[in-house]
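Report on the structure given below.
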Amino acid sequence: MPRPLPVPYAPFVWPIGAKLRLPPRDTPLELNLVTLLEQRQTRRNFSNKLEVTQLGEFLWLACRNRSSRPSTFGPDQESRVHPSAGAMHPIHVLISHEAGPWMIYDPVEHSIMELPGSINSAAANRNEAARLLSLDKGVLLGFVAEPGKTAAKYVNHETLVWRDAGVVLGYMSFVAEALGLAFCPLGISGQPYLTDYLSATDQIQAVGLAILGET
Ligand SMILES: Cc1cc2nc3c(=O)[nH]c(=O)nc-3n(C[C@H](O)[C@H](O)[C@H](O)COP(=O)(O)O)c2cc1C
């Protein structure tokens, strides 16, 4: 339920390292929606390397920002590809390639940025994920919630944040199928390794993992 008055929130400032701009998916992707809905399934074979172009197209189609507007809640309200409670978009997407640090996706700039000091955390999360299934050449995606964004607008924000995380997973599974990629959500949340290298861990919370790759 919306609060009678906003509780303005100062967004978490991520410690950002090197930035890599991703290519957009600016050409049409013609497909049959009924067929795609019929054939989507969780695919767990990640035997080929995912190219940066493919990652860029996937993130562009599944979770980029289309526009932002200033709000009384602190952070901008956003229009992204997928819906979010109150347009607050509390879910951050992190990316781990083999043997590197976590990278965070910026849906406004459509770029990924290194999170310094996160190499061990990324490796620990990859090990945890590998206990469930083989990552092979797959990319590990981490979902980190910033509940304060949603709490600025809503009381009982906790369940909204988890539902937002589910929306992101749903869009990703659909877009992966459309691009011919393999995608598998994981049942573990990513705690504690998704966030343990960051200082303000009371502001952020691990809410899931998934594997993306090329079959
Ligand atoms: C929140 C969530 C967690 C999941 N966790 C796992 C998992 O840990 N390992 C796995 O192999 N599949 C996992 N899956 C995939 C489901 O097993 C899969 O969606 C289900 O078997 C239905 O198959 P389908 O997606 O091919 O229709 C998960 C799916 C969701 C939505």
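The values are calculated or read from the model by the stated rules, or taken from the named source; none is laboratory data. None of these values were measured; they are calculated from a predicted model. Heads up, the Cβs are rebuilt from the backbone with ideal geometry, glycines too, and the neighbour counts pull from every protein chain shown. All accessible areas refer to the heavy atoms of the entire protein, side chains included, with ligands and DNA or RNA removed. Shrake-Rupley method; radii C 1.70, N 1.55, O 1.52, S 1.80 Å.
Can you tell me which of Gly190, Gly142, Gly148, Gly180 is among the small types (Gly, Ala, Ser), at pLDDT 95 or above, buried (at least 18 other Cβ atoms within 10 Å of the Cβ) and part of a loop (DSSP other than H, G, I, E, B)?
Gly190
Within the range 51-64, track down each residue that is of a type outside the set (A, V, I, L, M, F, W, C) and open to solvent by less than 20 Å² (accessible area, probe 1.4 Å).
Gly56
With the requirement that a residue be open to solvent by less than 70 Å² (accessible area, probe 1.4 Å) and closer than 14 Å to Ile211 by Cβ, what does the range 30-44 give you?
Thr42, the sole residue that qualifies.
Right, Asp196: away from the ligand (no atom under 16 Å from the Cβ), open to solvent by 20 Å² or more (accessible area, probe 1.4 Å) and at pLDDT below 95 or not?
When the stated conditions are applied, Asp196 passes them.
So Arg126 ticks every box in (1) buried (at least 17 other Cβ atoms within 10 Å of the Cβ); (2) within 16 Å of the ligand (Cβ to nearest atom); (3) under 23 Å from Arg25 (Cα atoms); (4) of a type outside the set (A, V, I, L, M, F, W, C) but one. Which box is left unticked?
(3)
Return yes or no: is Ser121 among the polar types (S, T, N, Q), touching a residue at least 60 places away in the same chain (Cβ under 8 Å) and crowded, with 19+ Cβ neighbours inside 10 Å?
The answer is yes for Ser121.
Restricting attention to the range 174-190, and to residues there that are closer than 14 Å to Leu140 by Cα and of a type outside the set (A, V, I, L, M, F, W, C), which single residue is farthest from the ligand (Cβ to nearest atom)?
The extreme case among them is Gly190.
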